[in-house]
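Q: Take a look at this one; I'll ask things after.
Bear in mind that the values in this text are calculations on the coordinates, not laboratory data. Bear in mind the structure is a predicted one, so any value in this text is a computation, not a measurement. Positions of Cβ are generated from backbone atoms using ideal geometry, with glycine treated the same way; all protein chains shown enter the neighbour counts.
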């Protein structure tokens, strides 16, 4: 089969599978799968957002978990204040807590985007190894900041007693929550697809390969890279907000560098520089983790070699293997 | 007096004890093909980088169209109409030929914060892309990844990209480097067709190319200007012969 056909087939098959999954799971009496795959969808959003940086813009960020964590904490903190009946802050204006998803999820996105703007503006002054290290350093700073926040549980984190509310949808119901996540994942992948093929995306992809050429054309890459960093941060914030809802629990662990590393593994496993690859990567990674962890607590012993083999033999990860696409951006 | 597009005055750049350009002064006339030649290590590429803003000069001034650009950054100079090709081919290997060209078409058309429409469907690209591809004979390769082009085709693409912005000054840094004889002829022809429509500063090793194309030649040796003159005069100059062929010539 020709690669475009295989690609189309894979994408439609994947979309259909995801759409019918809750029905299949309840028919099989394994409703646990619905919750598990909600987690996959959420991690997929985070992985796709990270791939915008890694695969398209060529910026190796090792601190992506920070934005996931910030998004999650926005949901957590607003929930906490809502149930404690006290404002989140009262200066310069009074902001009440809330459990409304229409408010807290956009806020999670905005907060993460803003954090990415500030951190990115500083990190992008550096290149290469320095960039990797400084993104990591900022993420760890934020991690320790939240560890030290006694009001919000410090090390132990915050428990939410229910999921956010959404008019007309009961997010507390696992099936409805699953479709809500699926809807957002589809939306985010579509946005990202438009983005990488747009004029902005062209500049971003060009800059990842040849910064100097871009400057010689008269394009200063800094603003574009920063914008991309902010968009990726916003995507991670959305994933964080959903994750807080999914587990009904937020903790500084969400910002730990190990989560940044796991997201990176998902991207590499699924296919660097592809949009559907990270979705596949998130599913395969979490499934393997789940299955291997049933048999041994040292599941990484098996995951490690598997990852090495995929990375060595498949340039575009599992997605590249399946679609037969060696090296195009798509 | 004819219009000068570029006036270089007392330009100096040293790397430690090594003086890569030494009090260099010359002018480039609008519409000319002005060649820079000199033996290896004469400071040709350093000069190009100084002109494009990839390297800042220690002292001296660069006047481009009556404007002092000595302290301007590279991308600002590019916006003023100075385009360049690199000695080692610089294209976007991870993009297709069309995308490479589109990116350079966008470069001088405002900002690129357009997130929605497919880049190749943009009206400005639809209008300019076919001509830009045809000009450097790459129409048939439009959908290929740039990384899959032959060496000569990559060169053509690079020159094509430098031309999309209708630059006033085109700096070609050894465009013939690494090309077979066929490619050299093709590219010489291309450069010749540009003559008059754009001022070209041509840095080149291939003497046949230089003497057949250039209106004016500046010869450098150890960062110093030996002579700036028309080809016929340069050919006769004894100092040039010495620099190229050694003392005995």
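Q: Looking at the protein assembly as shown, send over the antiparallel percent of its DSSP beta bridges, to the nearest 5.
A: 60 percent
Q: What percent do you get for the relative contact order of chain A when only Cα pairs under 8 Å and 6+ apart count?
A: Relative contact order here is 31 percent.
Q: How tilted is helix B:181-194 with respect to the longest principal axis of chain B? Cα atoms for both, answer in degrees (0 to 90, nearest 10).
A: Roughly 90 degrees, rounded to the nearest 10.
Q: In percent, how large is the relative contact order of chain B, given Cα pairs closer than 8 Å and 6 or more residues apart?
A: 27 percent
Q: By counting other Cβ atoms within 10 Å of each Cβ, how are B:106, B:56 ranked from fewest to most?
A: Listing B:106, B:56 from fewest to most nearby Cβ atoms yields B:56, B:106.
Q: When A:67, A:224 are ordered from fewest to most other Cβ atoms inside 10 Å of their Cβ, what list results?
A: Fewest-to-most ranking of A:67, A:224: A:224, A:67.
Q: What 222 nm value per residue comes from the helices of the protein assembly as shown, counting each DSSP H run with n ≥ 4 as -39,500 (n - 2.57) and dividing by all residues, nearest 500 deg cm²/dmol?
A: Value at 222 nm, helices only, nearest 500: -18000 deg cm²/dmol.
Q: Still on this structure, I have one more. Report, in degrees rounded to the nearest 10, the 0 to 90 angle that the Cα long axis of helix B:97-107 makes with the longest principal axis of chain B.
A: 70 degrees
Q: Efficiency by 1/(1 + (r/R0)^6): what FRET value for residue B:236 and residue B:189, r their Cβ-Cβ distance, R0 = 35 Å, to the nearest 0.05?
A: 0.80
Q: Which residues in the range B:190-218 place their backbone N less than 14 Å from a point set 7 Å from the Cα of residue B:30 along the Cα-to-Cβ direction?
A: Taking a point 7 Å out along Cα→Cβ of residue B:30, the residues of the range B:190-218 whose backbone N falls under 14 Å are B:196-200.
Q: Taking the simple approach of a point 7 Å from Cα along Cα-to-Cβ for both residue A:173 and residue A:17, what is their distance in nm?
A: In this crude spin-label approximation the distance works out to 2.7 nm.
Q: Report the label-to-label distance for residue B:115 and residue B:208 in nanometres (one decimal), using points 7 Å from each Cα along the Cα→Cβ vector.
A: Placing both labels 7 Å beyond Cα along the Cβ direction yields 5.5 nm.
Q: Using only the Cα atoms of the protein assembly as shown, build the gyration tensor, take square roots of its eigenvalues as a ≥ b ≥ c, and label the shape rounded, prolate or oblate: rounded if a/c is under 1.5, else prolate if a/b is larger than b/c, else oblate.
A: prolate
Q: Counting other beta carbons within 10 Å of each Cβ, put A:93, A:131, A:190 in order, fewest first.
A: Ascending Cβ contact count within 10 Å gives the list A:93, A:190, A:131.
Q: What's the average, rounded to a whole number, of partner chain beta-carbon atoms within 10 Å of each residue's beta-carbon in B:74-83?
A: Partner Cβ neighbours, averaged per residue: 4.
Q: If you don't mind, another one. Among rounded, prolate and oblate, which fits chain A when a ≥ b ≥ c are the square roots of the eigenvalues of its C-alpha gyration tensor, a/c under 1.5 means rounded, and a/b larger than b/c means prolate?
A: In terms of gyration-tensor shape, oblate.
Q: Pull out the extension gain between residue A:110 and residue A:156, defined as 0.36 nm times the separation in residues minus the alpha carbon to alpha carbon distance; nm, one decimal.
A: Between residue A:110 and residue A:156, full extension yields 14.1 nm more.
Q: Can you tell me the FRET efficiency between residue A:28 and residue A:299 if r is taken as the Cβ-Cβ distance and R0 is 30 Å, rounded to the nearest 0.05?
A: Taking R0 as 30 Å, the efficiency between residue A:28 and residue A:299 is 0.80.
Q: Between the helical axis of B:123-135 and the dominant principal axis of chain B, each derived from Cα atoms, what acute angle in degrees is found, rounded to the nearest 10?
A: The helix B:123-135 is inclined about 50 degrees to chain B.
Q: Given axes a ≥ b ≥ c from the Cα gyration tensor, I'd like to know whether the range B:1-43 is rounded (a/c under 1.5), prolate (a/b larger than b/c) or oblate.
A: oblate
Q: Distance between the C-alpha centers of the range A:15-52 and the range B:110-184? Whole Å please.
A: The distance from the Cα centre of the range A:15-52 to that of the range B:110-184 comes to 43 Å.
Q: Describe numerically, in nm with one decimal, the distance between label points set 7 Å from Cα along Cα→Cβ at residue B:177 and at residue A:212.
A: 0.9 nm
Q: Next question, about the same structure. Take peptide B:112-123, look around each residue's Cβ out to 10 angstrom, count Cβ atoms belonging to other protein chains, and average those counts.
A: 6
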